[in-house]
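See structure below.
The values are calculated or read from the model by the stated rules, or taken from the named source; none is laboratory data. Remember, predicted model here, so these are calculated numbers, not experimental data. In this analysis, Cβ positions are derived from the backbone assuming ideal geometry, glycine residues included, and neighbour counts consider all displayed protein chains.
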Amino acid sequence: MTIVHKTMTGAMLVIAASCAFSHSTAAQRPTTSEARMSHAHPSAQQLAIPGSMRAEHEEIHEALERATQAAGRVGEAARALAKVLQPHFEREEQIALPPLGLLAPLARGEFSRDMLEVLPMTDSLRSELPGMLKEHTAIRAATARLEQVAREERDAPATRLAERLALHAQSEEQLFYPAAVLVGEIVRARSGATPATGRGFGFE
């Protein structure tokens, strides 16, 4: 998690600077940028969930699945957590994580009209963000319950899962969601499209 935090923190600084630059230069783009734009085409891979994030989701899902099969209170708490977590993960993988595949090309100053395909995702994320953050409240409560029970039952794997999931949710709120929204803003600024509405809520 520490490596993920450092990587995404650096990415956030880069993309924030790029966003400011994009807004200030949307009306005038130098010839070199135009040339770069004409040759930069995001592949399906770039619009996909970054491999490290997909792997983390899969690892959490697998660990939670094992915990749900445990007997007694640990299994009960794990099943309650899975009930609130699974639909949340599914929606994240639809609208919140794929935009992050454009972080690297955008940081390199690249742009193509194909990148506009990301805007429905980032606009949906912005619109649904308050609800997704409310879901995090329920997920945190269920995670805390699992951690408490797992510690009492001396279930080390379930305890580690709860600790990891708590950090994962914090990373999403502080890094992944804001970065995904900024991806949309940078793409919109570089394209000259109309800015999205509903700015300024959700992030602390």
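Structure data summary
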{"quantity": "Residue check, THR143 part of a helix (DSSP H, G or I) and without any contact (Cβ under 8 Å) to a residue 24 or more places away in the chain", "calculated": "no"}
{"quantity": "Unique match (being closer than 21 Å to GLU92 by Cα and at pLDDT 95 or above) among ARG151, ARG140", "calculated": "ARG140"}
{"quantity": "Top-ranked residue in the stretch 91-116 [being in a loop (DSSP other than H, G, I, E, B) and on the phi < 0 side of the Ramachandran plot; ranked as surrounded by the most Cβ atoms within 10 Å (Cβ to Cβ)]", "calculated": "PHE111"}
{"quantity": "Leading residue by the ranking (surrounded by the fewest Cβ atoms within 10 Å (Cβ to Cβ)) among those in the stretch 164-173 that are touching a Ser or Thr at 6+ places or on another chain (Cβ under 9 Å) and without any contact (Cβ under 8 Å) to a residue 60 or more places away in the chain", "calculated": "ALA166"}
